[in-house]
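Every read-out reported here was derived from the displayed coordinates using simple, explicitly stated rules and does not represent laboratory data. Quick caveat, the model's predicted, so the values are computed rather than measured. We place every Cβ from the backbone using ideal geometry, glycine too, and count neighbours over all the protein chains shown.
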């Protein structure tokens with residue numbers, strides 16, 4: 001049984017079980033309220049599922065692509081929660097969760113703001129029904145996204161699917177994503193290279 005968290009687009013929290021499916025799922029498309037929502041969603045998802053934190057085997061988290069500010073909220077929450085219950089963090093590419101359950105090739109697209117999008121190209125699902133990412137995630141202007149396959153434009157990552165994908169990967173011995181956030185763009189705020197000069 002896994003707790004699943006994603007804040008790469010909106011905010012989503014779910015509790016999933018390999019055999020019983022999605023036990024509880026809460027989500028919001030708000031792209032700026034991650035920090036305000038995440039704590040309440042964590043508590044409510046566990047209550048709805050009737051699951052105690054100690055019953056979880058791990059915490060699946062969407063690693064993006066996503067904007068720096070929002071994405072780091074979910075990753076930090078997942079790491080802190082996993083540390084508190086002494087369970088592992090299971091990193092998942094957020095676009096893979098959108099593609100999970102689809103059988104035909106497609107191009108997943110999510111909003112990157114600044115009139116740009118994140119995109120990933122997928123082939124047909126493999127023999128286990130798992131997504132096959134052929135290209136990406138990448139950052140581009142909307143007009144530069146390939147159009148040779150069906151576009152899957154998603155405003156929200158289905159966090160229940162993200163958790164079930166993590167369960168499926170684990171069950172079949174497939175690797176998880178790298179434990180590095182997929183920002184694909186430098187943060188808006190950067191530290192200066194050296195001490196500020198004082199003139200007088």
Check: Rounded to the nearest 5, what % of the DSSP beta bridges within the chain are antiparallel ones?
Finding: 70 percent
Check: Given the options 101, 62, 163, which has the most mean-square fluctuation in a GNM of the chain, springs set between C-alpha atoms less than 10 angstrom apart?
Finding: 101
Notebook entry, point to check: By counting other Cβ atoms within 10 Å of each Cβ, how are 179, 111 ranked from fewest to most?
Noted result: 179, 111
Item checked: Whole-Å semi-axes of region 56-162's equivalent ellipsoid (Cα gyration tensor) -> 26, 18, 9
Margin query: Using a 10 Å cut-off around each Cβ, can you sort 182, 83, 56 from fewest to most neighbouring Cβ atoms?
Written below: 83, 56, 182
Check: Per the Kirkwood definition applied to all pairs of different Cα atoms, how many angstroms is the hydrodynamic radius of the chain?
Finding: 17.3 Å
Item checked: Segment residue 151-residue 40, length gained on full extension (0.36 nm per residue, minus Cα span) -> 36.7 nm
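For the chain, what does the helix formula give at 222 nm: sum of -39500 (n - 2.57) over DSSP H segments with n ≥ 4, over the residue count, nearest 500 deg cm²/dmol?
Here the helix-only value at 222 nm equals -8500 deg cm²/dmol.
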Item checked: Likely footprinting exposure, 15, 73, fewest C-beta neighbours within 10 Å first -> 73, 15
Margin query: Give me the one-decimal nm value for the distance between modelled label points at residue 86 and residue 126, 7 Å along each residue's Cα-to-Cβ direction.
Written below: 3.3 nm
